[in-house]
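In what follows, a single structure is set out as structure tokens and then discussed.
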Amino acid sequence: MLLALRTLVAMAATAYASAPVNAAADTPLTPLAQEHFIVDLPHYRDPTPISFGMYAGRMPLPSNGQEMFYWYVESKDNPDVDPLVLWLNGGPGCSSLGGMFTELGPFVVESDLTVKLNPYAWNRKANVVFLESPAGVGFSQPQLNQSDYNDDFTTDRIAEFLEQFLLTY
């Protein structure tokens, strides 16, 4: 199952981008948001079309060169006013994409490895960011020779990620 999740995430994270538009402001998104915009989800076989925006990629952190992998799922209801939820699986060391595909995310992976909508997804009423933290977990990339992982360091990087995320979106 882990291999299947990694395969699906890798395919979705490398999906090609188009030029998405922020519907509320009717203005183009930042270049990084455009680059991370997901337009196709391989193995998606649900008869219901995907009705929400998704973005995935690595967010560079200016302070130390780390790149934090995230998957941002917009609310189905009203993404411009609905709250933003940051999801971190337990750990450190557990991929938040596990929670995305098996708990509260917008999709479930079926036994035949197809992807379908999750009727209980939290993005029915909230925007959700699934963050791979600390760097080195999942698809996040740590700075080489970084051995300074503790609660303070990790929370500082998460705060920095959120600052960059809000500037991007």
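Computed values, structure above
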| read-out | value |
| --- | --- |
| Matching residues, region 93-140, being outside any loop (DSSP other than H, G, I, E, B), surrounded by fewer than 20 Cβ atoms within 10 Å (Cβ to Cβ) and small (Gly, Ala, Ser) | GLY98, GLY99 |
| Search result, residues across region 98-146 that are touching a His at 6+ places or on another chain (Cβ under 7 Å) and over 22 Å from VAL85 (Cβ atoms) | LEU113, THR114 |
| Given (1) part of a loop (DSSP other than H, G, I, E, B); (2) more than 16 Å from the chain's Cα centre (by Cα); (3) without any contact (Cβ under 8 Å) to a residue 60 or more places away in the chain, number of the condition ASP152 does not satisfy | (1) |
| Residue list for region 86-108, restricted to those being under 15 Å from the mean Cα position of the chain (by Cα) and within 17 Å of ARG157 (Cα to Cα) | LEU86, TRP87, LEU88, ASN89, CYS94, SER95, SER96 |
| Region 33-46, residues that are in contact (Cβ under 8 Å) with a residue 60 or more places away in the chain, surrounded by fewer than 18 Cβ atoms within 10 Å (Cβ to Cβ) and outside any loop (DSSP other than H, G, I, E, B) | TYR44 |
| Hits in region 47-90 (condition: assigned to a strand (DSSP E or B) and either among the small types (Gly, Ala, Ser) or more than 24 Å from SER140 (Cβ to Cβ) (or both)) | ALA56, GLY57 |
| Which listed residue, of ALA135, ALA159, is at pLDDT below 95 and under 22 Å from MET59 (Cβ atoms) | ALA135 |
| Among (1) buried (at least 18 other Cβ atoms within 10 Å of the Cβ); (2) closer than 19 Å to GLY57 by Cβ, the one test that LEU84 misses | (1) |
| Close pairs (7 angstrom Cβ cut-off, 6 or more residues apart or separate chains): small (Gly, Ala, Ser) in region 62-88, in a strand (DSSP E or B) anywhere | SER75/ASN127 |
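The values are calculated or read from the model by the stated rules, or taken from the named source; none is laboratory data. Nothing here was measured: the structure is a model prediction, and the numbers come from that model. Every residue, glycine as well, gets a Cβ built from its backbone with ideal geometry; the counts of neighbours run over all protein chains shown.
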